[in-house]
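Below is one structure; the comments refer to it alone.
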Amino acid sequence: MRKSVIAGNWKMYKLLGEAIETAVSLKPLVANATHCEVIIAPVFTALKTVCDRLEGSIIKVAAQDCSIEQKHGAHTGEIAADMIKDVGCSHIIVGHSERRQFYGETDETVNLKTKACLEVGLTAIVCIGEKLAEREAGEAEDIVKTQLLGALDSLTVTDMERIIIAYEPVWAIGTGQTATPEQAQEMHAFIRKTLAETQGKEIAEATRIVYGGSVKPDNIKGLMNNADIDGALVGGASLEAESFAKIVNYK
Ligand code: 13P
């Protein structure tokens, strides 16, 4: 049985005080959510304080990115996975489409960041997903497969235990145009089939594949009803504690 994951990506929103306020408000609202793992991903500057304020809660904390360098050192402006672990995080989001689109992230850097994350013992939430033009050209599966294999290149069976795949079609991110549950299920099944072919059936069955792209309180249930959708990576609707809690407590 795969345990569902509902993660909120706060992107570059929230000053420190706002991040604390949302995290603290969320705590009691999701306290009984034992059916899934609950994760929030604040900006770097809020990670330490949010981790401290959530101590003893079921909410886990993720960073939104990390350096390709595994350990701290002379890399001005970068933040290494060991530093993210040091402040209390358990997860790192890697390869988000905004990083691929606007910050030159490639399948290779996503692979290196994934390895850096795993190396220090954290779980990587690896984002993949096609653009609208690619879907319209019938290339969605090819793109997703290339990104998936690129991100997971040379990972071991044990590494795979700490991988969560986030399928986030770029055309559905922040647009209000969510993939239909059928479209999402179809791609998730394809991702699982690809994992079975490349990593083995057992790993494919155990790996959580979550959906991201305009997930809201009113569409989460329809998405979660599908066999291969194991959770959600939520952007906009995770910024308010009440709305994110509704998504977490979708059952
Ligand atoms: P939205 O939920 O705002 O579409 O964002 C999705 C996303 O990018 C999560 O990582």
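Brief remarks on what is shown
- Test: residue in segment 216-229 that is in a helix (DSSP H, G or I), within 12 Å of the ligand (Cβ to nearest atom) and under 16 Å from Gly174 (Cα atoms): yes
- Filter result for Ala23 (more than 18 Å from the chain's Cα centre (by Cα), at pLDDT 95 or above, surrounded by 15 or more Cβ atoms within 10 Å (Cβ to Cβ) and outside any strand (DSSP E or B)): no
- Residues of segment 161-197 classified as modelled with pLDDT under 95, farther than 18 Å from Ile143 by Cβ and surrounded by 15 or more Cβ atoms within 10 Å (Cβ to Cβ), total: 1
- Cβ-Cβ under 6 Å pairs, at least 6 apart or on other chains, segment 212-236 side on the phi > 0 side of the Ramachandran plot, far side within 11 Å of the ligand (Cβ to nearest atom) and not in a loop (DSSP other than H, G, I, E, B): Gly213/Ala172; Ser214/Ala172; Gly231/Val210
- From the list Thr34, Thr109, Thr45, Thr114, the lone residue that is of a type in the set (Ser, Thr, Tyr) and touching a strand residue (DSSP E or B) at 6+ places or on another chain (Cβ under 8 Å) is Thr114.
The values are calculated or read from the model by the stated rules, or taken from the named source; none is laboratory data. Note that this is a predicted model, so its numbers are computed, not measured. Glycine gets a Cβ as well: all are built from the backbone with ideal geometry, and neighbour counts include every protein chain shown.
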